[in-house]
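Take a look at the structure below.
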């Protein structure tokens, strides 16, 4: 069977003899393969490639030894030019087929200069019972060390694949992760067991910036001062380039730190990212786009689409820590940022102060509640609205409010072109799509960002 296309969630697509679609793991469009089906539904099958009879010209050799077992980087076996082709196609298909939208010629996707080592944030999990690969299970090798520090196996909440080298974050990320693992194992510091809720070491977070600042956070399950300081002192001494060394004591059932106290052990409790001379303070809980270089490209496109002359009132919806708001501020009259997360707004205000930007204001609240007629009356009708919602897209009440306001231009930044298409279909009677620009933030994966410029009809 010949693989004909790439589909959602990194799966390849082929047609079964009975006409149904098959979603396939481990294949590239153009491959001729044998497929073993694992799931059957009325309209489709799911399966995996078990033999390749003819390799696609779009295929390439994955660089990572964990490819196929690790759940990330599912397109590493596909040439980067082909990845961009399918990402572009996905955006166009979603807007045309799901949204039933009339599109202008879509601008070619903005590819990433770095296709590896592009992430500025990685989170790894500790486990005392690492996932064994099929090769390890079949071998006669006695595996005594079952400690792991790596990623969750897809669909398995308690199974961790031990990672030797990850190709997503630049040095010293791999050295820190491997160093901590080796040190903790040597000193018999217990790794976490998710099922039994026991052990000490839970997670490791590493954040880097384009200005070479470095944050490391270790999450501990219990308040064991001696073991904790042993690990943290090792990091402090072995990696003097760490700008911010932090820890959390988390005794809950899950790993999220957003409701936990973050304690600074050494250095500052934050790091700084920089973009066009603007500084952005990032703490352990801050959201910042995980590909700094491509975030810069994305924001430049959004600012360009906004067509600012220096006098406009701009609303920045789902502003997060106010990165886009501050990025466009110097070309606007005033910018109003709105966000649901209080900590993000605190950070946005701090960053604006840090950058001496005086024409931005930030407000916290649930978008569908705060973004109403009284809010517009208070701040004035916007000339331009920039919106960058989460993957679920905008709440229908927010879309309705956009229709009522009738700003001259809307710039819609999205990480999910399917929900973007749904929202744009609601706006379509009132707005024309002028420009569409996909942006690749995550090479080696199926994820794609998209920016759309709308103008009032």
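Derivation of every value follows stated rules applied to the coordinates shown; laboratory data play no part. Predicted model only: the values in this text are computed from it and were never measured. Glycine also receives a Cβ, built like all others from the backbone with ideal geometry; neighbour counts cover every protein chain displayed.
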Per DSSP H run of n ≥ 4, the term is -39500 (n - 2.57); total these for the chain, divide by its residue number, and report the mean residue ellipticity at 222 nm rounded to 500 deg cm²/dmol.
-7500 deg cm²/dmol
Taking Cα atoms of the chain, Rg/Rh with Kirkwood Rh, to two decimals?
0.99
Taking r as the C-beta separation of residue 210 and residue 175 and R0 as 30 Å, the FRET efficiency to the nearest 0.05 is 0.95
Semi-axes, largest first, in whole Å: what does sqrt of 5 times each Cα gyration tensor eigenvalue give for the range 241-284?
25, 13, 7
Please report the orientation-averaged projected area of the range 166-258, defined via the convex hull of its C-alpha atoms, in nm².
6.4
Rg/Rh ratio calculated on Cα atoms of the range 121-275 (Kirkwood radius)
0.96
Restricting things to alpha carbons, tell me how big the range 5-59 is in terms of Rg and Dmax, in Å.
10.4, 32
So, in nm, how far is label residue 403 from label residue 223 when the simple model puts each one 7 Å beyond its Cα toward the Cβ?
5.4
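Two decimals is fine: what's Rg over Rh for the range 310-457, C-alpha atoms, Kirkwood radius as Rh?
Result for the range 310-457 is an Rg/Rh of 0.95.
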Could you grab the relative contact order for the chain? Cα pairs under 8 Å, six or more apart, rounded to a whole percent.
14
Gyration tensor on Cα atoms of the range 302-397, a ≥ b ≥ c root eigenvalues, a/c under 1.5 rounded, else prolate if a/b beats b/c, else oblate, says rounded
Please compute the modelled spin-label separation between residue 392 and residue 239, points set 7 Å along Cα→Cβ, answer in nm with one decimal.
3.4
One would report the antiparallel percent of DSSP beta bridges in the chain, rounded to the nearest 5, as 65
Extension gain, residue 193 back to residue 89 (0.36 nm per residue minus Cα-Cα distance, nm)
33.2 nm
